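The values are calculated or read from the model by the stated rules, or taken from the named source; none is laboratory data. Note that the structure is a prediction, hence the values are computed from the model and not measured. Counting neighbours? That spans all protein chains shown, and the Cβs are built from the backbone with ideal geometry, glycine included.
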Amino acid sequence: MTDSDSVELPYLRVANVQDGFVDLSDVKTIRTTFAEATRYRLEPGDVLMTEGGDFDKLGRGTVWRGQLDPCIHQNHIFCVRVQPDLLNPDFLAAIARSPYGRSYFARSSKQTTNLASINSTQLKAFPIPLPSLPEQRRIADILDRAEALRAKRRAALAQLDELNFSIFDHLFSSQDWARRHLESVVRSDTIVTYGIVQAGEECPGGVPYIRTGDLVDGQIRLEGLRHTTADLAAKYQRSRVEMGEIVMSIRATVGTTALVPPALHGANLTQGTARISPGKEVDSLFLLHFLRSSDAQQWIAKETKGITFREITLTRLRQLPVPVPPLPLQQEFARRVQALDRLKAKHRQSLAEMDALFQSLQHRAFRGEL
């Protein structure tokens with residue numbers, strides 16, 4: 001085969017390279033020349049690091065174990081082939097994703113709004129502590145085992161989330177319940193509406209408001225919420241949210257939902273999020289899980305317009321067909337979900353403790369204290 005001959009091979013993208021592992025659930029193939037395939041072919045023991053993009057994609061590090069062979073990588077992924085008599089690849093990957101590595105990449109990166117990237121010169125200048133090879137292997141092994149425990153806890157949380165949907169399907173998929181438009185199942189004194197158009201400068205101590213980016217992993221992230229003045233919020237009483245109501249993203253990440261927690265009772269929204277206040281005929285947990293169901297999400301996706309700027313209009317969202325099973329059945333579902341939520345809360349607390357321990361181990365490891 002000559003260098004100019006064409007071959008088609010699987011290749012890794014930035015999305016495939018995660019912290020500590022390679023996600024092979026969605027691997028694409030690409031046709032390239034034999035010369036390029038040889039140049040970018042991965043070998044077991046290669047350390048993969050991401051060039052950047054979103055800040056969470058800056059400097060991710062993991063080791064390639066030869067899961068696919070042959071396999072190549074795109075040019076937004078750095079492939080580091082270590083000198084095995086000097087550096088253990090697992091140790092290098094652990095340093096890259098440690099607070100020490102994160103700090104270096106953040107300082108060295110070229111940054112624009114919400115984006116950051118490093119180049120090969122900055123990567124080559126990455127200062128690496130070099131204990132003995134046995135010590136490197138020992139540190140990498142401790143961190144790998146700690147990460148494995150965290151991964152198991154995250155997997156358990158994901159399975160509990162899936163169980164919610166299984167219960168939903170079990171209770172509600174067997175019958176074709178009568179459907180009503182979303183606007184007719186919300187509280188009679190409310191409408192499905194978005195919030196503040198221009199929230200102005202940050203107002204410390206003011207009224208918090210919820211943006212699309214604050215909806216993370218099915219919850220409203222309290223850290224980083226912005227605030228507006230009480231006077232401006234008062235002009236948007238229609239979008240003032242109450243505990244137990246549903247907030248939905250209607251721009252960008254269209255269809256993302258979360259319940260309003262007690263801490264945000266009385267908060268407001270931006271133009272990219274909508275308030276949905278369940279009425280007397282629907283339980284809030286039932287409606288929340290229906291909105292997250294494949295049925296509702298497919299309908300929402302079909303009604304969402306735009307490519308670079310994705311949005312569903314309130315007019316269309318209000319027409320979303322909602323099944324209305326008997327309220328006692330909805331409430332039975334809610335009781336089961338609440339029991340699972342209590343279990344998930346314990347898992348989240350345990351995961352938070354594991355995360356704190358893992359960060360402590362990382363700090364100690366690269367200060368020579370582990």
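The C-beta contact set for the stretch 148-173 (first residue within 14 Å of ASP217 (Cα to Cα), second residue outside any helix (DSSP H, G or I) and not acidic (Asp, Glu), distance under 9 angstrom, 6+ apart or interchain) comprises ASP161/GLY218.
Cβ-Cβ distances below 7 Å connect the following pairs, each with a first residue in the stretch 114-139 that is without any contact (Cβ under 8 Å) to a residue 40 or more places away in the chain, a second residue that is among the polar types (S, T, N, Q), and a separation of six or more residues or different chains: GLN122/SER108.
Scanning the stretch 247-257 turns up one or more residues that are assigned to a strand (DSSP E or B), in contact (Cβ under 8 Å) with a residue 24 or more places away in the chain and more than 22 Å from PHE333 (Cα to Cα). Applying the criterion of being part of a loop (DSSP other than H, G, I, E, B) and modelled with pLDDT of 95 or more to the residues of the stretch 164-187, the residue that is surrounded by the most Cβ atoms within 10 Å (Cβ to Cβ) is VAL185. Against the conditions (1) exposed (fewer than 12 other Cβ atoms within 10 Å of the Cβ); (2) modelled with pLDDT under 90; (3) among the hydrophobic types (A, V, I, L, M, F, W, C); (4) closer than 19 Å to GLU162 by Cα, LEU351 satisfies every one except (1). Just so you know, in the stretch 359-370 the residues that are assigned to a helix (DSSP H, G or I) and surrounded by 16 or more Cβ atoms within 10 Å (Cβ to Cβ) include one that is modelled with the lowest pLDDT, and it is ALA365.
Scanning the stretch 131-147 for residues that are surrounded by fewer than 12 Cβ atoms within 10 Å (Cβ to Cβ) and in a helix (DSSP H, G or I) turns up PRO134, ARG145. Reported count of residues in the stretch 74-89, each being touching a Lys or Arg at 6+ places or on another chain (Cβ under 8 Å) and surrounded by 20 or more Cβ atoms within 10 Å (Cβ to Cβ), is 2.
Scanning the stretch 107-130 for residues that are outside any helix (DSSP H, G or I), surrounded by 16 or more Cβ atoms within 10 Å (Cβ to Cβ) and not hydrophobic (A, V, I, L, M, F, W, C) gives SER109, SER117.
Filtered by the rule that a residue be of a type in the set (Phe, Trp, Tyr) and over 20 Å from ILE312 (Cβ atoms), the stretch 258-298 gives a lone residue, PHE286. State which residue is surrounded by the most Cβ atoms within 10 Å (Cβ to Cβ) when the search covers only the stretch 296-312 and only residues that are outside any helix (DSSP H, G or I) and either touching a residue at least 60 places away in the same chain (Cβ under 8 Å) or touching a Gly at 6+ places or on another chain (Cβ under 6 Å) (or both). The residue in question is ILE312. With the structure loaded, tell me whether ALA356 is under 30 Å from ILE95 (Cβ atoms) and small (Gly, Ala, Ser) or whether it fails that test. Here the answer is yes, as ALA356 does meet what is asked. Hey, any hits in the stretch 191-207 for a residue that's surrounded by 12 or more Cβ atoms within 10 Å (Cβ to Cβ), acidic (Asp, Glu) and touching a residue at least 12 places away in the same chain (Cβ under 8 Å)? No: zero hits. Name the single residue, out of those in the stretch 313-363 being in contact (Cβ under 8 Å) with a residue 12 or more places away in the chain and of a type in the set (Gly, Ala, Ser), that is nearest to PRO129 (Cα to Cα). This residue is SER350.
In the stretch 68-78 there is no residue that is among the aromatic types (Phe, Trp, Tyr) and part of a helix (DSSP H, G or I). Applying the criterion of being among the basic types (Lys, Arg) and outside any strand (DSSP E or B) to the residues of the stretch 258-295, the residue that is surrounded by the fewest Cβ atoms within 10 Å (Cβ to Cβ) is LYS280.
Taken together, the residues in the stretch 1-17 that are at pLDDT 85 or above and either among the basic types (Lys, Arg) or assigned to a strand (DSSP E or B) (or both) amount to 7. Would you confirm, using the coordinates I've provided, whether VAL7 is under 24 Å from THR121 (Cβ atoms) and either β-branched (Val, Ile, Thr) or assigned by TED's automatic domain parsing to the domain that holds ARG154 (or both)? It is false that VAL7 is under 24 Å from THR121 (Cβ atoms) and either β-branched (Val, Ile, Thr) or assigned by TED's automatic domain parsing to the domain that holds ARG154 (or both). Among the residues of the stretch 231-245, are any in a strand (DSSP E or B) and over 20 Å from ARG336 (Cα atoms)? Checked the stretch 231-245: no residue is in a strand (DSSP E or B) and over 20 Å from ARG336 (Cα atoms).
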